[in-house]
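The values are calculated or read from the model by the stated rules, or taken from the named source; none is laboratory data. Remember, predicted model here, so these are calculated numbers, not experimental data. Please note: Cβ atoms are built from the backbone with ideal geometry, for glycine as well, and neighbour counts cover all protein chains shown.
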């Protein structure tokens, strides 16, 4: 099934995709995963390899967050990483917890946690005033 | 509860091949990263909301046993990221199915090639930090008191 | 050669919990199958050993078992595959996972067949037959697209090797998705939308973690994970 001639002969049919949360979550995990490959692995390498862990102080963080470039990087990282991780946790919990009421409750708590965390940390980063630490 | 323990036990006992091992490592590394991430995000937000606590926690993370934990998280992130890309590729390109077993091995290889030097570097950083403190008459095996960071209080 | 077998036993009428039966067989040929060995235990040593089998030749799918920790068909597994030693083998036989044990090596297959039925595993085309009353024609390339998934013998080796199914038996499982694939990608069939809705549901394809145990377990060597990924791609792109 490799040659172009066969693909011309294959009948392709289209249909209306009914999207549901699971399909969205599946695609989100993979797309955010690619984004995180760059942002998260980048973050780990920059903070712990390019810089030394011994340098990690609040002054170091302030120097980075003095520029909006780094703030945006970290905010984007946050918006991808937290939902990606919590959805992964949801997958694991739904594997092992079978009571539908419990599952619903857990999903609501997880969603609340994502929203609260993302908002809290975004505000924290956006309002962070680097001049206080120089 | 017995079903959870049974499921986990049998998942560990089943003699799957590379894909099964990769799946277990992906799940375990994911849980480890998430646990760390939640603490890290809420802690780092303190840089703005409670700077004294944040400055203290940054110093606390230099405590050797905690710093080794950073190494573990580095391993988890690297493996989870590369294996995640492998899964994404195999999900979006079903016709590359025949490469799946080899791709699992390649992911482990890339992981080791990157992680081993990084681990050596990070570990020597921990050792360097401890010996530097020792040279100044102090010790890294001590968690600094919260009050040391009062100057950062708003 | 000599073979030591460890077989998981459980008689609900007598036992509190499952136990391991230990059996030794002499004069085993390297080309004997695990099913042959189980037969010998039943006929020579313990007549109460209970198992399912029928054709004994790898086409009926009755005797999927966990042999030395991995799913295989007992009748297709030669002793020589399980040992490097020409004179001795240790073989462990257990029922497949994820389904309730009825007795010894026999499990309750009803949840498995329920999932199978839920994907409408039969041909649907209400359009009138072709004018000459004969076949609905299909090109060779179109036929090749679902050829692999026609091979399924419903042995459940794949579904019972899937960690997502072990964790939650509401997951329809690889076999049901393979059966759905066989019809979804068949250009002569018209019910792809209904089937795609079933497999696109919460306990459908999205539970697959691309673990590949199913493909490794399949005695017909169907590329199960590939079929599942093709269904995922169909649901992603809207094209089949």
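When C:205, C:224, C:178 are checked against the criterion of being more than 16 Å from the chain's Cα centre (by Cα) and modelled with pLDDT of 95 or more, C:205 stands alone in meeting it. Out of the residues in the stretch B:32-45 meeting the condition of being farther than 17 Å from residue A:87 by Cα and buried (at least 19 other Cβ atoms within 10 Å of the Cβ), tell me which one is nearest to the other protein chains (Cβ to nearest Cβ). Step by step, filter the stretch B:32-45, then rank; the result is B:45.
Selection over the stretch C:158-197 of residues that are assigned to a helix (DSSP H, G or I) and away from every other protein chain (no Cβ under 11 Å) gives a count of 11.
This table checks each residue for (1) farther than 17 Å from residue B:31 by Cα; (2) within 14 Å of chain C (Cβ to nearest Cβ); (3) surrounded by fewer than 16 Cβ atoms within 10 Å (Cβ to Cβ).
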residue: A:41; (1), (2), (3): no, no, no
residue: A:56; (1), (2), (3): yes, no, no
residue: A:62; (1), (2), (3): yes, no, no
residue: A:83; (1), (2), (3): no, no, no
residue: A:91; (1), (2), (3): no, yes, no
residue: A:96; (1), (2), (3): no, yes, yes
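I'd like the full set of residues that are within 11 Å of another protein chain (Cβ to nearest Cβ), in contact with a helix residue (DSSP H, G or I) (Cβ under 8 Å, 6 or more places away or on another chain) and touching a residue at least 24 places away in the same chain (Cβ under 8 Å), limited to the stretch C:140-157. C:142, C:148 - these are the residues of the stretch C:140-157 that are within 11 Å of another protein chain (Cβ to nearest Cβ), in contact with a helix residue (DSSP H, G or I) (Cβ under 8 Å, 6 or more places away or on another chain) and touching a residue at least 24 places away in the same chain (Cβ under 8 Å). None of B:17, B:9 is farther than 24 Å from residue A:48 by Cβ and either within 10 Å of another protein chain (Cβ to nearest Cβ) or touching a strand residue (DSSP E or B) at 6+ places or on another chain (Cβ under 7 Å) (or both) except B:17. Being surrounded by 15 or more Cβ atoms within 10 Å (Cβ to Cβ), more than 30 Å from residue C:171 (Cα to Cα), more than 10 Å from chain B (Cβ to nearest Cβ) and touching a residue at least 12 places away in the same chain (Cβ under 8 Å) is a property that holds for residue A:75.
Restricted to the stretch A:109-134, and to residues there that are farther than 19 Å from residue A:80 by Cα and in a helix (DSSP H, G or I), the residue that is farthest from the other protein chains (Cβ to nearest Cβ) is A:131.
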